[in-house]
Each structure stands twice: as structure tokens, then as C-alpha cells.
Amino acid sequence: AQSVTQPDIHITVSEGASLELRCNYSYGATPYLFWYVQSPGQGLQLLLKYFSGDTLVQGIKGFEAEFKRSQSSFNLRKPSVHWSDAAEYFCAVRPHNNNDMRFGAGTRLTVKP
Amino acid sequence: EAGVTQFPSHSVIEKGQTVTLRCDPISGHDNLYWYRRVMGKEIKFLLHFVKESKQDESGMPNNRFLAERTGGTYSTLKVQPAELEDSGVYFCASSQELLNTEAFFGQGTRLTVV
């Protein structure tokens, strides 16, 4: 069955520390891959996306993600977290030929001073 | 340019009442999607419009939910009668073309049925 897994429900990091949020997917073929962020009171904002090509994708706000086909993963990273990064992060995947976008359950990020 | 806007931002209704959620997509976006997130769960697809036509409504939970998109512009999602399990955040998104583009999301409507 097709699925998206974000194993970490909640992560706490100190400001300035590095961050990695995990995302694994189970699909028949490599789908389009996305990371969205939802800050309190805001909608879902696209951080970055992978369609094809370079497997290391740069996004907004200093985030990047690496697609690893062998591991069916698309982990989100940031070298130095800022307090404003506290939010909920969603990994999403979509097949190339339809609109069936599936989301992970989300990872809530808390940033300690 | 305005993004995807949703009204209201919050709604609290009693079980058995009717609620209508509205979504205004980005101008020129033919594709409009509704999603729902029940507390603590993943965001789930409800349905997809292409202009005024329902392209895929496989995610609609049951016949208490009715979505419309008049003239291919804004969309409404009506829940009638509302049940407790309908509580959650309802997201709307729009995109220009189906393939090779991302969807832009609204801020969501938080629905609480008491």
C-alpha cells in the first residue's frame, strides 16, 4: 500500500543546532516529493520539492532535503535552527500521473533558547 | 497577488447543524483541492476540482459532505448534518496545472463540532 511515514511526532532542538526530519515513503515508483511547513495560524507553506535531477534540493529558509532512492527517503535538513523555525513539518508525495497527494502525519518542531 | 484564502478561520457548531466552508483559490488556478486533518492524524485528500468539474472525490467521507465550485472560481464545502468526528482542520489548495507543479495551500478552517 502507498504510504508516507514521518517517524518522529515531536522533536526538540536547541537554537543553533542542526536539524534532520525524517520522511520515508512506500510507492510503486518514485513520486514527486515535497516538504511543507505550517506555522501557528498559518497555512501550509512549501519549503522545497523534488521532481527529478539533482537529489539534493535547496529550499527556502535555509532548508534542504536529499532524495535517496535506495532508502525511499526524503529527509529534511537545516544546519542551524532558528527560533522562528518552530512549526509543524509535513512530508508529502504525489505520483507523476495523478493528483493523489499523500501526507505524513507531521513532525512538530520545538526550538529551545 | 493574493494566495489561497479560506473562510471562516474557525467555526464551532453543534452536532446536527450545518456548516459551509469557503475557499477562494489563486486567480487562474484551474485545480482546486480540499484536504482534512483530524486531530493528530495525517492530512487526507477529500476531493479535486478541475474548473467546475469534480475530477476526483474519492476521499469524501460520506454523503453528509457536499462540495461545489460555482463557475470554476471559489469552492464551498458543506457538512450537513455535522457529526463530532467531522472536527478537524480543513485545508484548501490550488494549482495551475496537474503535473510538475506544487499546490498552494490556504491557512485552513478549524471546525469544531460539539
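The values are calculated or read from the model by the stated rules, or taken from the named source; none is laboratory data. Since we're looking at a predicted model, the values are computed, not measured. Ideal geometry is used to build each Cβ from the backbone, glycine not excepted, and the neighbour counts take in all protein chains shown. The area values use the complete protein model at the heavy-atom level, side chains included, leaving out ligands, DNA and RNA. Shrake-Rupley method; radii C 1.70, N 1.55, O 1.52, S 1.80 Å.
What the table below lists for this structure:
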item	result
Residue-by-residue Karplus 3J(HN,Hα) for region B:68-84, coefficients 6.51, -1.76, 1.60, Hz, glycine and proline x	9, 9, 5, x, x, 9, 6, 10, 10, 10, 9, 10, 8, x, 6, 10, 4
Accessible-area composition of region B:18-114, carbon plus sulfur, in percent [1.4 Å probe]	47 percent
Which listed pairs, of A:49/B:41; A:61/B:54; A:61/B:78; A:68/B:51, have C-alpha distances above 28 Å, in listed order	A:61/B:54; A:61/B:78; A:68/B:51
Dipole in debye (nearest 20) - region A:1-80, about Cα centre, beta carbon charges: Lys, Arg +1; Asp, Glu -1	120 debye
Average beta carbon contacts from partner chains per residue of B:29-42, 10 Å cutoff	2
Relative contact order (%) - criterion: Cα under 8 Å, at least six apart; region: region B:1-42	41 percent
By average C-beta atoms within 10 angstrom, highest first, the peptides B:84-95, A:17-28, A:95-106	B:84-95, A:95-106, A:17-28
Whole-number percent relative contact order across chain A, with pairs defined as alpha carbons under 8 Å at least 6 apart	37 percent
Under the Karplus curve 6.51 cos²θ - 1.76 cosθ + 1.60, θ = phi - 60°, whole-Hz ³J(HN,Hα) for region B:12-29, x wherever Gly or Pro sits	10, 9, 8, 3, x, 7, 10, 9, 10, 9, 10, 9, 10, x, 5, 4, x, 7
GNM result for chain A, Cα springs below 10 Å: residue of A:92, A:29, A:65 fluctuating most strongly	A:29
Where A meets B: accessible area buried, both sides, 1.4 Å probe, Å²	1700 Å²
Shielding of A:95-104 by partner chains, average beta-carbon count, 10 Å	5
Region B:35-89: relative contact order as a whole-number percent, Cα under 8 Å and 6+ apart	32 percent
Heavy-atom surface of chain B, accessible at 1.4 Å and reported per residue (Å²)	50 Å²
Inter-site label distance for residue A:27 and residue B:66 at 7 Å from Cα along Cβ, in nm	3.5 nm
Added length on full extension, which subtracts the Cα-Cα distance from 0.36 nm per residue, residue B:85 to residue B:10	25.4 nm
Fluctuation leader among B:47, B:66, B:77 - chain B, Gaussian network, Cα springs under 10 angstrom	B:66
Förster-model FRET efficiency, 25 Å R0, residue B:44 and residue A:112, C-beta, rounded to 0.05	0.20
Prolate/oblate/rounded call for region A:4-53, Cα gyration tensor, a/c under 1.5 rounded	prolate
